[in-house]
């Protein structure tokens, strides 16, 4: 995304993220992909850069970024490390939920520490049988005086191994269907929480992904986020903003693929000439450039719509749908252009191809995005 229309301070933040990610994250991300460490290695640096409090209001020591600035920063981070980008995206998304829905008596105390790596956040919604349909959640939280007693198991939880705080969707009103679901702010230091890593991921291996089991966890009723029974709508509102973050992650991956394609085309010779002169190669590069440009425009529009508080859920869905699927197409072309070299891990496009794949799945699959877009169209026409 071009940052020419943003203010000087925003442009400086974006450039700082670009310089930091390429200097500090690129080589580390390659190591994480090989199973050496994870994004948690750099959490103190992310905190120092303010990347853990991008969307936290300035009044509570955050950077108070607009969605446009936020998405541009995530693109720069994802260019060097898709794993770090999703880690930052989820943590900031959880912070937005706290900012919007937390009890006023607790909101400030939580948010003032949100940029601290020790107060890492995770979004605990998905379950083994409740992925695209979070309304099918079976995790329950029974009232007991001034507390809820939380039991159940969440799956595919980004940041789950290290998180101090879990924004958790649970059933507090039995028999009420989707209206019985509520959001709770769960302290990860509480007794009764078990965390298990999910191994064998295709990509974004530097990002934590975990199964979280809650067994009789005591959660104060003051930790209810929003109104009781309104947890599903609050979760969907959070995911709406989160989709912009994943679209930005995809655009960063796609930009890295495109740059790798251009660089390799200038280096590789076949039939006595650089492959950059071959029409087939030029088509791959041109198609990738156009698709990436279109994706960035959709992301920028979705971010602007959120900043303007427009009530259009389909904007973020369109951005995520197109950007993530375009990233997969561009990553495919990058591997194809590199030939045999693109098929081995020595070449970065092999990893980018794997990293891109998840973007069409988490924060709502492509199929779910199409449902959201179609419903908006049918509702308004």
Quote the relative contact order of the chain in percent (integer), defining contacts as alpha-carbon pairs under 8 Å separated by 6+ residues.
16
Where both partners of a DSSP beta bridge lie in region 120-229, what percent of those bridges are antiparallel, to the nearest 5?
85
Can you tell me what the convex hull of the Cα atoms of region 48-197 projects to on average, as an area in nm²?
9.8
In the Gaussian network model of the chain, springs joining C-alpha atoms below 10 Å, which of 359, 273, 324 carries the largest mean-square fluctuation?
273
Could you give the angle, 0 to 90 degrees to the nearest 10, between helix 313-338's Cα long axis and the longest principal axis of the Cα atoms of the chain?
40
In whole Å, how far is the Cα centre of region 259-302 from that of region 312-381?
17
How many angstrom separate the Cα center of region 229-249 from the Cα center of region 110-126?
16
Give me the compactness ratio for region 120-229, meaning the Cα radius of gyration over 2.2 N^0.38 Å.
1.02
Send over the Kirkwood Rh of region 92-144, from the inverse of the averaged 1/r over different Cα pairs, rounded to one decimal Å.
13.1
Normalising by the residue count of region 233-380, find the relative contact order in percent from Cα pairs under 8 Å and 6+ residues apart.
32
Which FRET efficiency value, to the nearest 0.05, is calculated for residue 11 and residue 133 with the Förster distance at 45 angstrom and r the Cβ-Cβ distance?
0.65
Rounded to whole Å, sorted largest first: equivalent-ellipsoid semi-axes of region 8-118, Cα gyration tensor:
25, 16, 11
Given a 10 angstrom Cα cut-off, can you work out which residue in 283, 270, 31 is the most mobile in a GNM of the chain?
270
Pairing the Cα long axis of helix 231-267 with the longest principal axis of the chain, what angle in degrees results, from 0 to 90 and rounded to the nearest 10?
20
Using the Kirkwood radius over Cα pairs, work out the Stokes-Einstein diffusion coefficient for region 310-362 at 4 °C and 1.567 mPa s, in µm²/s as a whole number.
108
For residue 34, put the label point 7 Å out on the Cα→Cβ axis and report which residues of region 43-86 keep their amide N under 11 Å from it.
none
Go ahead and set up a Gaussian network model of the chain, Cα springs under 10 Å, then flag whichever of 50, 340, 177 fluctuates most.
340
Taking 0.36 nm per intervening residue step and subtracting the Cα-Cα distance, what contour gain separates residue 178 from residue 365 on full extension?
65.3 nm
Pop the C-beta distance of residue 294 and residue 262 into the FRET formula with R0 = 22 Å and round what comes out to the nearest 0.05.
0.75
Let me have the 222 nm mean residue ellipticity of the chain computed from DSSP H runs of 4+ only, each contributing -39500 (n - 2.57), with the sum over all residues rounded to the nearest 500.
-16500 deg cm²/dmol
Once the piece of chain linking residue 196 and residue 341 is laid out straight, how much longer is it, given 0.36 nm per residue of separation minus the C-alpha distance between them?
48.7 nm
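Every number in this text was worked out from the coordinates using simple rules, so none of it is lab data. Note that the coordinates shown come from a computational prediction; the quantities given were computed from them, not determined experimentally. Backbone-built Cβ (ideal geometry, glycine too); neighbour counts: all protein chains shown.
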